[in-house]
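> After the structure tokens below, expect a handful of questions from me.
The values are calculated or read from the model by the stated rules, or taken from the named source; none is laboratory data. If you're wondering where the values come from, they're calculated on a predicted model, not measured in any experiment. Cβ atoms come from the backbone with ideal geometry, glycine included; neighbour counts cover every protein chain shown.
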Amino acid sequence: MKIILFQDKEYLKKILLPILISIFIIEIISNISNSTFDNVALGRHTSTYVARHPNEHIIHSTEDKTISNYIASRTSIIDDNHLELSISLMYDDWVKRGKRDIIFLIGNSQYHAINQLKSGDINTSEILFNYFDDYDIDFLTYSSANMNLQEQYLMMDYFFDLFPIKYFLLPVFLDDTREDGIRFYVKDFLLDKLNNENRNKIYKKLFAKNSDSPAKDLEGLSGTAQERTENYLNKILLENSKNWSSRTNSRNMIFSQFYFLRNKIFNISPSTARKVIPGPYRDNLFSLEKILINTNVRKIETLVYIPPIRNDVQIPYLVSEYSQFKDQVRSISIQHNSNFINFENTVPNEYWGFKGQDDNTEIDFMHFKYQGHLALADTLYSYLVKKIIK
Amino acid sequence: MIFNSVTFLIFIFFVTTTYWILSVKNRLYLLFLCSIIFYAFWKPVFALLMLFSAFIDFSMSLLIFQTTKKKYKKLFLTISLFSNLGLLFVFKYLYFFSNNFQSLLELLSINYTIPLFNLILPLGISFYTFQTISYTVDVYRGFIKPEKNFILYGCYVTFFPQLVAGPILRANEVIHQFIEEKKFNIKYIYIGFERILYGLFLKTCFADNLAPIVDKGFLIPVSSISAIDVWTLSFLFGFQIYFDFSAYSHIAIGSASLMGINFPENFNYPYISTSFKDFWKRWHISLSSWIRDYLYLPLNGLEVQDKSVGGLKINLSLNSKRKTISLFSTWAIMGLWHGANWTFVFWGLYHSTLIYLERKIYKIFNLSLYKNTKIVGLVITLPLAMLGWIPFRADNIEESLLMLAKVAKISEYSYLGMRENVYLIAASSLIFFFCGYIYMQKIKPLLIRIKPILFEYIQIVETTILIVLVFIFLRPINQFIYFQF
């Protein structure tokens, strides 16, 4: 056999050498890839912060390797794959606090990300929770990166059933109207919870659009006899090979590199103008209407607002489209008896940060520093106090 | 068993090692047994159906050969065809035709409910049915002598690399290879390893990553997308299906190669075709060749061939109604072969229309339009072939027509309905395809000729990159598209 195997060393070399080199490369890639794609997109020094209660401050950061240990706080939930647990924690604590009245905010990463986070910094959600704690009111938040209005409609339909919400806050971002479809964990979570037959057709329509779910590793084998062997082999590999178990991170790292390469080639920066995409835009504004119809039926007072945006530089939208967007959101809100305010200038320019600390040229249009969170919280507080606290 | 899985990699390692240890006779038993196991990894019970189908053809072929009377030969051939096509009809088309017949009755206001049987489609039934039909017909035509050894014949039908999605092989191409005295040669392993690796790379890195983008694109209501989006989606799906199916063929050819068995190529860069005739010589070659020899040429009363290469590049003049009818009916049947849905028939007719028009143009200008202007041919053929994937991928005819109608309207070119990345990915796929073609077909042969040492280093780097990427991306998240056919 030995003689046969070595009959042509050239071919053997062509097989074995790449295998040996690739083992070495895979080892390196596994060691350097430890971030999720979303965290990379957020920016190296923009941190995810989950509002906490009681005084338990834990910071999410892309550089914090314990990120996967986080789920959510008791007052604020950020997007994750553990919605079930997060919401039950939020609900249990609300019960423990005596089922107080609720002000509920649903938003995107603006409500949990802080630029150039420093020790002791907290976000809008936590500031407002603390403010309203004195009035025996719970300020609860559900925020999810780039959450579109279709997802917000579904999640709010669930939260409206779960909590007796007294006041509802809905910041509407033009950026998020470019998003489409329902995230897999939102869909999975709601499918378990909702009796779809009792819901209107929009559920089916929205769920049917969902194709966002990252395919599970063994999805193609579903229902086949091979599923068992592949599950078994995969389990063994995951338990015994660090390189195998870090493949998801390695894939994320590769996609991130493509993302950066794209930005470099096309000179894409946070200030690059993003155009409205007609289909998702229409569907998202339709969902906004559905949310407001829902709040009307449930008699929940609502504030729809245009969230803060950095305005000392060119905004990342076409000015005409942004104006039209604001007009449309305003018109829909008024049409459905909701309050509408434009808060786009609420956060002063100096309170906006950068996506990275080392490279201060990468302006962040979506997130701000702690001072920005404080400014927004104060503005919302002033408004809400007048509305709620008599 | 799905190729893009750890199970398969272990399976192929075991089969290859054992194969070269055993004697020729025992190798045959090994391949037959392993092929049944390979199939049973999907749904064990359907392995019996496949063996039943194979046994019918095995018996009928022997009877055809033994009898001297033509009418009995015809009878046995009919039994074979009837059983093969019958099984295919029951499992693949019964629901479709019942459903359509029900709709027809409703249209005629006839109040009768037809029972609908929505059966599980046995994996690879369209492929092994065509393969067994070709065997019986070849025996009937006198091209081959039937095998008396069922295991050897069984290997031909069930040989695992080509079992579920081809290439559709001819008996005279492969049967003799199963019983050839072959000695182990590391070259077999090297060729097989390279082909499998390349196939896995195309499947896991390209086809599987294009799949969610295409799926999402086709879920967008047609009213929300522009003509540019339709073009983009057609190109994206065109590349997804090409990377997916050619990946399967690479792995099939590579797996057979590990055992020193040669399969004919199934793809030859179809998207560089300079005419539709050329396209059908390059796309799914074994199916086109099958259609040519068992449907198209017999319908035209022309001489057939006994090889699974060449595809549908046939020089026919457009001089009779018979040829026109056979052209359209052949492509409609080929479309229907892909799936029980009118969209596939539409796809077939779309291609036959283009071939028909192409022939007309040839005739009118009395020369080959693209003979000296290959680039013009490419520029015309590529987008139109890609656009043909719209009915193939769309859910129904109505959606297909709406999408195709968008392409014809100037006003639909004024906006974009998808994220910018989608267009970028479509453009990147196009660039990857052409760069791949230039590298494989032009640069590689040149390097081998003038800088063989440098080429060896390049090859080692290339293989290393592929191994790393396949390791990272290997996930059985999607079956191969052609499994559903």
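> Out of curiosity, is B:Ala385 touching a His at 6+ places or on another chain (Cβ under 9 Å), part of a helix (DSSP H, G or I) and within 29 Å of B:Met334 (Cα to Cα)?
Yes; evaluated as a whole, the condition is true for this residue.
> Out of B:Ser103, B:Ser109, B:Ser61, B:Ser98, I need the residue that is surrounded by 18 or more Cβ atoms within 10 Å (Cβ to Cβ) and away from chain A (no Cβ under 14 Å). Which one?
Among B:Ser103, B:Ser109, B:Ser61, B:Ser98, only B:Ser61 is surrounded by 18 or more Cβ atoms within 10 Å (Cβ to Cβ) and away from chain A (no Cβ under 14 Å).
> Tell me, yes or no, whether the stretch A:367-381 has at least one residue that is within 30 Å of A:Ile291 (Cα to Cα), in contact (Cβ under 8 Å) with a residue 60 or more places away in the chain and part of a strand (DSSP E or B).
Yes.
> Residues of the stretch A:225-274 being within 9 Å of another protein chain (Cβ to nearest Cβ), basic (Lys, Arg) and closer than 25 Å to A:Ile28 by Cα, which ones?
A:Arg247, A:Arg251, A:Arg262 - these are the residues of the stretch A:225-274 that are within 9 Å of another protein chain (Cβ to nearest Cβ), basic (Lys, Arg) and closer than 25 Å to A:Ile28 by Cα.
> Another question, then. Starting from residues that are small (Gly, Ala, Ser) and modelled with pLDDT of 90 or more, keep the ones in the stretch B:323-345 and report whichever is surrounded by the most Cβ atoms within 10 Å (Cβ to Cβ).
Result: B:Gly335.
> Here are some residues: B:Phe160, B:Phe184. Which one is in contact with a Ser or Thr (Cβ under 6 Å, 6 or more places away or on another chain), within 14 Å of chain A (Cβ to nearest Cβ) and in contact (Cβ under 8 Å) with a residue 60 or more places away in the chain?
So the residue among B:Phe160, B:Phe184 that is in contact with a Ser or Thr (Cβ under 6 Å, 6 or more places away or on another chain), within 14 Å of chain A (Cβ to nearest Cβ) and in contact (Cβ under 8 Å) with a residue 60 or more places away in the chain is B:Phe160.
> Now, a different point. What single numbered condition from (1) in contact with a Leu (Cβ under 6 Å, 6 or more places away or on another chain); (2) within 30 Å of B:Ser320 (Cβ to Cβ) fails to hold for B:Phe243?
All conditions pass for B:Phe243, except number (2).
> Before we move on, is B:Phe82 without any contact (Cβ under 8 Å) to a residue 60 or more places away in the chain and closer than 23 Å to B:Tyr296 by Cβ?
Considered against the rule, which asks whether it is without any contact (Cβ under 8 Å) to a residue 60 or more places away in the chain and closer than 23 Å to B:Tyr296 by Cβ, B:Phe82 comes out as yes.
> May I pose another question? Which numbered condition in (1) within 19 Å of the chain's Cα centre (by Cα); (2) buried (at least 21 other Cβ atoms within 10 Å of the Cβ) is the only one that B:Ser226 fails?
Of the numbered conditions (1) within 19 Å of the chain's Cα centre (by Cα); (2) buried (at least 21 other Cβ atoms within 10 Å of the Cβ), the odd one out for B:Ser226 is (1).
> Which number in (1) modelled with pLDDT of 75 or more; (2) surrounded by 15 or more Cβ atoms within 10 Å (Cβ to Cβ); (3) part of a loop (DSSP other than H, G, I, E, B) marks the one condition that A:Ile71 misses?
(1)
> Pick from the stretch A:255-286 the residues that are touching a residue at least 60 places away in the same chain (Cβ under 8 Å) and among the β-branched types (Val, Ile, Thr): which of them is nearest to B:Gly217 (Cα to Cα)?
Once the filter is applied, the top-ranked residue is A:Ile277.
> Give B:Leu9, B:Leu33 a once-over and let me know the one that is without any contact (Cβ under 8 Å) to a residue 12 or more places away in the chain, within 30 Å of B:Lys187 (Cα to Cα), within 14 Å of another protein chain (Cβ to nearest Cβ) and part of a helix (DSSP H, G or I).
B:Leu9
> Can I ask one more? Can you confirm whether A:Ile277 is β-branched (Val, Ile, Thr) and within 14 Å of another protein chain (Cβ to nearest Cβ)?
yes
> Continuing with the same structure: Every residue in the stretch B:436-463 that is more than 14 Å from every other protein chain (Cβ to nearest Cβ) and surrounded by 12 or more Cβ atoms within 10 Å (Cβ to Cβ), please.
Once the filter is applied, which keeps residues that are more than 14 Å from every other protein chain (Cβ to nearest Cβ) and surrounded by 12 or more Cβ atoms within 10 Å (Cβ to Cβ), the stretch B:436-463 yields B:Gly436, B:Tyr437, B:Ile438, B:Tyr439, B:Met440, B:Gln441, B:Ile443, B:Lys444, B:Leu447, B:Lys451.
> I've got another one for you. If A:Pro278 passes every condition in (1) surrounded by fewer than 18 Cβ atoms within 10 Å (Cβ to Cβ); (2) of a type outside the set (D, E, K, R); (3) within 22 Å of A:Asp157 (Cβ to Cβ) but one, which one does it miss?
Every condition holds for A:Pro278 apart from (3).
> Do you know which residues across the stretch B:412-432 are without any contact (Cβ under 8 Å) to a residue 24 or more places away in the chain and either over 17 Å from B:Phe206 (Cβ atoms) or hydrophobic (A, V, I, L, M, F, W, C) (or both)?
B:Arg419, B:Glu420, B:Leu424, B:Ala427, B:Ile431, listed by residue number.
> Further question on the same structure: Name the one entry in B:Tyr437, B:Tyr362, B:Tyr356, B:Tyr350 that is outside the structural domain of B:Ser224 (by TED's automatic domain parsing), more than 20 Å from B:Ser226 (Cα to Cα) and hydroxyl-bearing (Ser, Thr, Tyr).
B:Tyr437
> Is it the case that some residue within the stretch A:299-320 is surrounded by 13 or more Cβ atoms within 10 Å (Cβ to Cβ) and in a helix (DSSP H, G or I)?
no
> While we're on this one: Residue check: is A:Glu289 part of a helix (DSSP H, G or I) and free of Cβ contacts under 8 Å to residues at least 40 places away in the same chain?
no
> To continue, here is another question. Among (1) within 14 Å of chain B (Cβ to nearest Cβ); (2) in a strand (DSSP E or B), which single condition is A:Asp176 missing?
(2)
Let's see how each residue does on (1) more than 10 Å from chain A (Cβ to nearest Cβ); (2) touching a Phe, Trp or Tyr at 6+ places or on another chain (Cβ under 7 Å); (3) in contact (Cβ under 8 Å) with a residue 12 or more places away in the chain:
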{"site": "B:Tyr188", "(1), (2), (3)": "no, no, yes"}
{"site": "B:Phe206", "(1), (2), (3)": "yes, yes, yes"}
{"site": "B:Val214", "(1), (2), (3)": "no, yes, yes"}
{"site": "B:Thr232", "(1), (2), (3)": "yes, yes, yes"}
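> For B:Ile125, work out the one condition from (1) under 21 Å from the mean Cα position of the chain (by Cα); (2) more than 14 Å from chain A (Cβ to nearest Cβ); (3) buried (at least 24 other Cβ atoms within 10 Å of the Cβ) it doesn't fulfil.
(3)
> Let me ask something additional. For the stretch B:174-193, indicate whether the set of residues that are hydrophobic (A, V, I, L, M, F, W, C), in contact with a His (Cβ under 9 Å, 6 or more places away or on another chain) and not assigned by TED's automatic domain parsing to the domain that holds B:Phe150 is non-empty.
No, the stretch B:174-193 contains no residue that is hydrophobic (A, V, I, L, M, F, W, C), in contact with a His (Cβ under 9 Å, 6 or more places away or on another chain) and not assigned by TED's automatic domain parsing to the domain that holds B:Phe150.
> Taking the condition of being of a type outside the set (D, E, K, R) and surrounded by fewer than 19 Cβ atoms within 10 Å (Cβ to Cβ), how many residues in the stretch A:341-351 meet it?
Number satisfying all stated conditions: 6.
> Say we look at the stretch B:404-423 and pick out the residues that are outside any helix (DSSP H, G or I) and within 11 Å of chain A (Cβ to nearest Cβ); which of these is surrounded by the most Cβ atoms within 10 Å (Cβ to Cβ)?
B:Gly417
> A further question follows. Please indicate, with yes or no, whether at least one residue in the stretch B:251-258 is under 23 Å from A:Gly279 (Cβ atoms) and in a helix (DSSP H, G or I).
No: zero hits.
> For the stretch B:404-440, which residues satisfy the criterion of being modelled with pLDDT under 90, among the hydrophobic types (A, V, I, L, M, F, W, C) and under 32 Å from the mean Cα position of the chain (by Cα)?
The one that is modelled with pLDDT under 90, among the hydrophobic types (A, V, I, L, M, F, W, C) and under 32 Å from the mean Cα position of the chain (by Cα): B:Met418.
> Out of B:Asp278, B:Asp208, B:Asp215, which single residue is closer than 27 Å to B:Ile467 by Cβ, in a helix (DSSP H, G or I), in the same structural domain as B:Leu387 (by TED's automatic domain parsing) and not aliphatic (A, V, I, L, M)?
Within the list B:Asp278, B:Asp208, B:Asp215, the selection yields B:Asp208.
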